[in-house]
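A.B. asks: Mind looking over this structure? Questions follow.
The values are calculated or read from the model by the stated rules, or taken from the named source; none is laboratory data. Predicted model only: the values in this text are computed from it and were never measured. Note that each Cβ is placed from the backbone with ideal geometry, even for glycine, and that neighbours are counted across all protein chains shown. All accessible areas refer to the heavy atoms of the entire protein, side chains included, with ligands and DNA or RNA removed. Shrake-Rupley method; radii C 1.70, N 1.55, O 1.52, S 1.80 Å.
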Amino acid sequence: MKKAIEIAKKSLETHDVPIGAVIVRNKKIIGIGYNKKEALHSPIAHAEILAINMASKNLNSYHLEGSDIYITLEPCLMCVGAILHARISNLYFGASNKRFGAVKSHQNIENLFTNHKINYKGSILEDECSSLISNFFSELRERSK
């Protein structure tokens, strides 16, 4: 999760919400991503999607069984769908996402009807992950005054 937090900070360079994702397989990082929605003018340029794309290219396959994903913020429904389609084994996230979280906060991943089930754990370095995002929005509000 520490690496995901470090990567999330890169989003700040392009005024994107600081969210980071890291995919690990056999104790080796195979994919990283950070939020680039503003930078790429794309609603799908989420950290998780970019990390999955990198991992898939590195493995020359979108089948990421046996991989773990670490994300600084509970993923949205789109990203949960991508994680499930990639067949990632374990999902770890930091801060809860009350508005869009599709693991346990807003939606519940266990209620999704899929042929792949994923293990998950939240609240990992939650304070650090939450602070990163809340500080971003506080500074954004200050700049807009």
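A.B. asks: Lys/Arg Cβ at +1, Asp/Glu Cβ at -1, dipole of the chain taken about the Cα centre: which of Asn119, His63, Ile52 is farthest positive-ward?
C.D. replies: Going by the Cα projections, it comes out as His63.
A.B. asks: Tally up the carbon and sulfur contribution to the accessible surface of the chain as a whole percent, 1.4 Å probe, everything protein left in place.
C.D. replies: About 52 percent, which is the carbon plus sulfur part of the accessible surface.
A.B. asks: Under 5 Å between amide hydrogens, which residues at least 5 positions from Gly122 or on another chain qualify, with H placed 1.01 Å from N in the peptide plane?
C.D. replies: So Gly122 has HN proximity to Phe93.
A.B. asks: What ³J(HN,Hα) values, in whole Hz, does the Karplus curve 6.51 cos²θ - 1.76 cosθ + 1.60 give for the stretch 68-82 when θ = phi - 60°, with x put for Gly and Pro?
C.D. replies: Those phi angles translate into 10, 10, 10, 10, 6, 10, 3, x, 6, 4, 4, 6, 4, x, 5 Hz.
A.B. asks: OK, next. Taking the structure as given and computing volume of the Cα convex hull per residue in Å³, which label from (1) 132; (2) 109; (3) 101 fits?
C.D. replies: Comparing each candidate, only (3) matches the computed number.
A.B. asks: When the helix-only estimate is applied to the chain (DSSP H runs of n ≥ 4, each -39,500 (n - 2.57), divided by the residue count), what is the mean residue ellipticity at 222 nm, nearest 500 deg cm²/dmol?
C.D. replies: It comes out at -10500 deg cm²/dmol, rounded to the nearest 500.
A.B. asks: What list of ³J(HN,Hα) values in whole Hz, one per residue of the stretch 119-131 in order, does the Karplus curve 6.51 cos²θ - 1.76 cosθ + 1.60 (θ = phi - 60°) give from phi, with Gly and Pro shown as x?
C.D. replies: Those phi angles translate into 7, 9, 8, x, 6, 8, 6, 4, 4, 5, 5, 5, 4 Hz.
A.B. asks: Calculate one ³J(HN,Hα) per residue across the stretch 135-143 by plugging θ = phi - 60° into the Karplus curve 6.51 cos²θ - 1.76 cosθ + 1.60, and present them in order as whole Hz with x for glycine and proline.
C.D. replies: Per residue, the Karplus-derived 3J(HN,Hα) values read 5, 4, 6, 5, 5, 5, 5, 4, 5 Hz.
A.B. asks: Loop only by DSSP, 14 or fewer other Cβ within 10 Å of the Cβ. Give me the chymotrypsin sites (Phe, Trp or Tyr not before Pro) in the stretch 1-90 that pass, ordered by residue number.
C.D. replies: Tyr62
A.B. asks: Which of the lysines could a cross-linker bridge to Lys121, judged by Cα under 29 Å and excluding same-chain residues fewer than eight apart?
C.D. replies: Partners within reach: Lys2, Lys3, Lys9, Lys10, Lys27, Lys28, Lys36, Lys37, Lys57, Lys98, Lys104.
A.B. asks: Accessible area per residue, 1.4 Å probe, Å², for the chain: what's the number?
C.D. replies: Accessible area per residue, the chain: 57 Å².
A.B. asks: Using alpha carbons only, how many angstrom separate the centre of the stretch 1-35 from the centre of the stretch 84-145?
C.D. replies: The two parts, judged by their Cα centres, are 13 Å apart.
A.B. asks: Ok, one more. Taking the stretch 99-139 on its own, what percent of its Cα-Cα pair distances exceed 15 Å?
C.D. replies: Of all Cα-Cα pairs in the stretch 99-139, 57 percent lie more than 15 Å apart.
A.B. asks: Rounded to the nearest 20 debye, what is the charge dipole size of the chain about its Cα centre when +1 sits on each Lys and Arg Cβ and -1 on each Asp and Glu Cβ?
C.D. replies: That gives a dipole near 200 debye.
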